[in-house]
Amino acid sequence: MSEAAAAGQGPLALVCGAGSLPLAVADYVGARGRKVLLFPMRGIARPQDYEGRAHMWVRIAQFAPFERALHAAGCRDIVLLGSLVRPSLWQVRFDLRSLSVLARIAAGFRGGDNHLLSNVVKLIEEQGFRVLGAHEVAPEILVPQGALGFVQPSERDRADIAFGLDYLRAAGPYDIGQAVVVADRHVLAVEAAEGTDGMLARVAKLRASGRIRSAAGTGVLVKAPKPQQDRRFDLPSIGPATAEGVARAGLAGLAVVAGETIVAEPARLIAAADAAKIFVAGVPAGSPQ
């Protein structure tokens, strides 16, 4: 992490998707004395989350008002964070500014999420802005190494974690997802467009219907960034809902890559995991040991 990025010079713009993470990052950055400009995305972020906070609503692909606001505030640094359901190209309402680069935006849609976001970031940076990762300005949000709660992964769980990490490294170049569920070195589910919560709900249904024969309390959710992924955006993330989904799916716990995974509401996450008697572990990228 760059010390200059964390300390910052001038205001920091946060383009906010859904979830609690954008406001947590805003609070961490603000506590260091840096001015934060909030730009929640209309139709994605919840209006009630921004009541009482100065903010300006923005829309996908309507860049001109956002750019004017940044220049007026003397802001150069931007962080993109929060969850977002990828829209269809035909659902996006372009302004004249974004229409001028429509062909390049359309090319970005012909690929996975990392490919699309990388193209969007290039367009933003060509306008003289600097796109940073949320972890660069708020390192507190990264998962540390080791168990976060009371429960520790067993040797059986560690074997599943290692298998899951191997799978994600192999599948990463296809830019599909960042998560997999493994039980006894057997892949039960792979994350795709439904996201982690949707995948866990699918595992719960499979278990309830008898399609998963492993005993309740076995199996692990493993999350890791894609090998080619730009770490400035879309790092894997976990929160209280992840722990709750793991418990409903009848798994033993979840493991993520330490230092490369974002945790939202860590106290609530740990409390949910301990209450469900599941483990939450940060592991090195190459090994669960």
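Since every read-out is calculated from the coordinates, none of them should be taken as a lab result. Here the structure is a predicted model, which means the values were calculated and not measured. When we count neighbours, we look across all protein chains shown, and the Cβ atoms used for this are built from the backbone with ideal geometry, even at glycine.
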Distance in nm between pseudo-label sites at GLN228 and ALA72 (7 Å out along the Cβ direction from Cα): 4.0
Taking 0.36 nm per residue of separation between SER154 and ALA271 and subtracting their Cα-Cα distance, the length gained on full extension comes to 40.1 nm
Which of the lysines could be linked to LYS226 by a straight reach, that is with a Cα gap under 28 Å, when you skip same-chain ones fewer than 8 residues away? LYS122, LYS205
Run the quick spin-label model on ALA208 and LYS35: label points 7 Å from Cα toward the beta carbon, then report their separation in nm to one decimal. 5.1
Relative to the compact globular guide of 2.2 N^0.38 Å, what is the alpha carbon radius of gyration of segment 142-283, as a ratio? 0.94
Going fewest to most other Cβ atoms within 10 Å around each Cβ, CYS75, CYS16 line up as CYS75, CYS16
